[in-house]
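What follows is calculated from the coordinates using simple rules that are stated; it is not laboratory data. Just so it is clear, the model here is predicted, and its values are computed rather than measured. Cβ placement follows ideal geometry from the backbone for every residue including glycine, while neighbour counts extend to all protein chains displayed.
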Amino acid sequence: MNDTAFFLGKGGVGKTTLSSAFALSLARAGKKVLIASLDPAHNLGDILGLRLSGEAVGVEPGLDALEVDLAYWVDKYLNESRAQMKANYSYNTTFNLDSFFNIIKYSPGTEEYAVLWAIEDIHCRLGPLYDVVVFDTPPTALSLRFLSLPVISGLWVKELRNLREKILSKRQAVTRINPDSPVAASCVDKDDDKIYGQLRNIGHRLSALELLFSKESFISVIVNPDQLSVDEALRIQEELSRLKIPLGAICVNKRGVSDMVWTQHPSLAGYPQFDFDFTREGIRTREELMDVDAATLATYFLTRTGNQ
Ligand SMILES: Nc1ncnc2c1ncn2[C@@H]1O[C@H](COP(=O)(O)OP(=O)(O)O)[C@@H](O)[C@H]1O
Ligand SMILES: [Mg+2]
C-alpha cells in the first residue's frame, strides 16, 4: 500500500511545517496518521505544541507523533552488530571487537544506517497501526544517503553472498577430498551456514526498504521562491532519478515571501505542483498550521494512493 510520505528540500524551506500541516489535514479528514521526525535537530514537537519522544504519543484524535532518537538507534545498531560478530567469530579472541566498535560509532555511514533501521522499525512495527505515516526528514545530504543505502548496501550484500557461496563450495571440495580435514567439521551448506543466513536476511530487509522508497512512498520536494532552494531541489531530483525513486510532487512554499519575480524551473514544471502562501503572522499553533492549507495536497495524496 502506498501510504508513506516524505518531504525533502533545503533547510528552512518548510519540511517540518508542511509535513505537519499535511499530517494534520489527513487526520482531520478522518485518517489515522503518524508523523515521525528523522531530523537529529528535532523541532516537530515545537511545531505541534507538545513534548515528543522516540515512542508515538497522541497529538489529537487521529494524529500521533514521535521524534526518532538517533543516538538510541546508533547504539542499538552497533550493539546488535557486535553481538552478531561475537557469535559468528567466537573462536577469534585476538580481535578486540570493543575497540573496533568504538571507532565505528564515529565512522561515516553509521548515522545513515541508524536512520534506515529506525524507518524500518516505524514502517514494520507502527505502520500497520496507521493509515498514513509521514516522515519529517533531516537535511538533504543525510536524507539522500539513507534513501540510497538500500540500493548500495544491497549490491554489497549480493557480492558478499556470492563470496560466501564460493567459500562454502571450496569447503565442500576440501571435505570430499579429505573428510578428516578440520574444514569438514565446519559448515559447508548454505542452508545451515549462519553467515550466509545473516546475509540473506539483511538482503531481504534492504530489498523491503528499497521497495518502500521506490514503490510505496509519496515523495515531495519543497522549494521556496528563491534560487538556492530550487538548486537544491534539482540536485534532489537528479539523485532520486538515479535511484529510480519517483518524485511525486513539488510543493512551492512561502509564496509571496518576497516581491522577486519567480517562475518554476522548467525541469521541475512537469510534476504535480502544490502552492502554499507565506503566512506573515507566523505559524505558532496547530490552527495556524491548518491555515497553511495542505488539504488539496492531502486529497491528491489519498486519491493517488487509493487510501480514501
Ligand atoms: N508557509 C509559511 N508561512 C510562514 N512561515 C513559514 C511557512 N513555512 C515555513 N515557515 C517558517 O519557516 C521556518 C522554517 O520552517 P521549517 O518547517 O522548520 O523548515 P525545515 O523543516 O525545512 O527546515 C519556520 O520558522 C516556519 O515557521
Ligand atoms: Mg525541519
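Taken as a whole, the condition of being within 16 Å of ligand 2 (Cβ to nearest atom) and under 22 Å from GLY30 (Cα atoms) does not apply to LEU297.
Every residue, every condition in (1) surrounded by fewer than 17 Cβ atoms within 10 Å (Cβ to Cβ); (2) under 23 Å from the mean Cα position of the chain (by Cα), yes or no:
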{"site": "LYS244", "(1), (2)": "yes, yes"}
{"site": "CYS251", "(1), (2)": "no, yes"}
{"site": "GLY256", "(1), (2)": "yes, no"}
{"site": "MET260", "(1), (2)": "yes, no"}
{"site": "ARG284", "(1), (2)": "yes, no"}
{"site": "GLU288", "(1), (2)": "yes, no"}
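Residue-by-condition table, conditions (1) in contact with a Phe, Trp or Tyr (Cβ under 9 Å, 6 or more places away or on another chain); (2) within 30 Å of ALA21 (Cα to Cα):
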position: ASP131; (1), (2): no, yes
position: PRO139; (1), (2): no, yes
position: PRO150; (1), (2): yes, yes
position: LYS170; (1), (2): no, no
position: ALA173; (1), (2): no, no
position: LYS190; (1), (2): yes, no
position: TYR196; (1), (2): no, no
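In region 12-23, the residues that are touching a residue at least 40 places away in the same chain (Cβ under 8 Å) and under 11 Å from ASP293 (Cα atoms) reach residues that are more than 8 Å from ligand 2 (Cβ to nearest atom) and polar (S, T, N, Q) with C-beta atoms within less than 7 angstrom, at least six apart or across chains, in these pairs: LEU18/ASN253.
Evaluate the following for GLU232: is it surrounded by 14 or more Cβ atoms within 10 Å (Cβ to Cβ) and either polar (S, T, N, Q) or more than 30 Å from GLN84 (Cα to Cα) (or both)? So GLU232 fits the description; yes. On the basis of being within 23 Å of VAL13 (Cα to Cα), among the acidic types (Asp, Glu) and outside any strand (DSSP E or B), does GLU210 make the cut? So GLU210 does not fit the description; no.
Within region 118-130, the residues that satisfy the criterion of being surrounded by fewer than 18 Cβ atoms within 10 Å (Cβ to Cβ) and of a type outside the set (Lys, Arg) are GLU120, ASP121, CYS124, LEU126, PRO128, LEU129. Only one entry in GLY54, GLY45, GLY58 is within 13 Å of ligand 1 (Cβ to nearest atom), surrounded by fewer than 22 Cβ atoms within 10 Å (Cβ to Cβ) and without any contact (Cβ under 8 Å) to a residue 24 or more places away in the chain, namely GLY45.
Among the residues in region 215-229, are any over 18 Å from the mean Cα position of the chain (by Cα), small (Gly, Ala, Ser) and within 16 Å of ligand 1 (Cβ to nearest atom)? Checked region 215-229: at least one residue is over 18 Å from the mean Cα position of the chain (by Cα), small (Gly, Ala, Ser) and within 16 Å of ligand 1 (Cβ to nearest atom).
Filtering region 1-37 to residues that are of a type in the set (A, V, I, L, M) and within 11 Å of ligand 1 (Cβ to nearest atom) leaves LEU8, VAL13, LEU18, ALA21. One residue stands out among those in region 127-157 that are part of a helix (DSSP H, G or I) and within 16 Å of ligand 1 (Cβ to nearest atom): the one that is farthest from VAL223 (Cα to Cα), which is LEU142. Which numbered condition in (1) within 16 Å of ligand 1 (Cβ to nearest atom); (2) in a helix (DSSP H, G or I) is the only one that TYR72 fails? For TYR72, the exception is condition (1).
Looking across region 173-206, just one residue is surrounded by fewer than 14 Cβ atoms within 10 Å (Cβ to Cβ) and under 28 Å from VAL134 (Cβ atoms), and that is HIS204.
Answer yes or no: is there a residue in region 215-224 that is away from ligand 2 (no atom under 16 Å from the Cβ), part of a helix (DSSP H, G or I) and either of a type outside the set (Asp, Glu) or in contact (Cβ under 8 Å) with a residue 24 or more places away in the chain (or both). Within region 215-224, one or more residues are away from ligand 2 (no atom under 16 Å from the Cβ), part of a helix (DSSP H, G or I) and either of a type outside the set (Asp, Glu) or in contact (Cβ under 8 Å) with a residue 24 or more places away in the chain (or both).
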